[in-house]
1. Among the listed residues Arg107, Arg64, Arg101, Arg89, which satisfies the condition of being at pLDDT 95 or above and of a type in the set (D, E, K, R)?
2. What is the residue count in segment 114-128 for residues that are in a loop (DSSP other than H, G, I, E, B), under 24 Å from Ala95 (Cα atoms) and either open to solvent by 60 Å² or more (accessible area, probe 1.4 Å) or among the β-branched types (Val, Ile, Thr) (or both)?
3. Restricting to segment 1-56, and then to whatever is open to solvent by 80 Å² or more (accessible area, probe 1.4 Å) and part of a loop (DSSP other than H, G, I, E, B), can you tell me which residue is nearest to Leu82 (Cα to Cα)?
4. Without any contact (Cβ under 8 Å) to a residue 12 or more places away in the chain, closer than 22 Å to Val151 by Cβ and assigned to a loop (DSSP other than H, G, I, E, B) - does that describe any residue in segment 76-83?
5. Say we look at segment 130-145 and pick out the residues that are within 16 Å of Ala95 (Cα to Cα) and in contact (Cβ under 8 Å) with a residue 40 or more places away in the chain; which of these is surrounded by the most Cβ atoms within 10 Å (Cβ to Cβ)?
Amino acid sequence: MPTQRDTDKQLHAHLTAASAKLRETGAPDLAAAVDQVLAPGGWHALRRLENAATAAPNFSIPMRTEDRDTVKRLAEQAGESLTAIVEKRLTDFIAGDFDPRVARATRNSGAAQATSNLNMRPNPDLIAQVRARVEELNDTGRSPKLSAAGVARAAIEEHYRLGQYKPADTAK
């Protein structure tokens, strides 16, 4: 039975032969493409294209840097997927089973803290539904106004008891 290494060598030999045949038959552009894939690291271009086609778009959630770092650490320790946590609560939000707490912006309070983005790739159809629900709620005069990222941040804060969900006795 051929080993994986033997199979890989055979694939390389076939692609090299295909490149030569393409040059012989007057298709130098196609030969160059095969040669590019055969070059060291050449397959990375195909992998990037494949990943770009299948990956959900990035979704940024602005939050306090300290909270973002805490969330990442806690999720890793618990073996939890932040995307799964957010998707679950976004689904609850659409169904009307999650009313996120959103802090009002405080201007000139002197309480500015460093913020960073928590990036993830939730289902884009779910994000579109959340945005539609947010718009619907904001159009009714909801105050403070919601955003899809704000709902996602509230889901994370609720799960890890941070921000607006921090217990009163440990609030700073």
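1. The unique qualifying residue is Arg89.
2. Residues in segment 114-128 being in a loop (DSSP other than H, G, I, E, B), under 24 Å from Ala95 (Cα atoms) and either open to solvent by 60 Å² or more (accessible area, probe 1.4 Å) or among the β-branched types (Val, Ile, Thr) (or both): 2 in total.
3. Across segment 1-56, the extreme among qualifying residues is Pro40.
4. The answer is yes, given that some residue of segment 76-83 is without any contact (Cβ under 8 Å) to a residue 12 or more places away in the chain, closer than 22 Å to Val151 by Cβ and assigned to a loop (DSSP other than H, G, I, E, B).
5. For segment 130-145, the residue satisfying everything is Val130.
The values are calculated or read from the model by the stated rules, or taken from the named source; none is laboratory data. Keep in mind that this is a model prediction, so the values were computed, not measured. Every residue, glycine as well, gets a Cβ built from its backbone with ideal geometry; the counts of neighbours run over all protein chains shown. Ligands, DNA and RNA are excluded from the accessible area calculation, which covers all protein heavy atoms including side chains. Shrake-Rupley method; radii C 1.70, N 1.55, O 1.52, S 1.80 Å.
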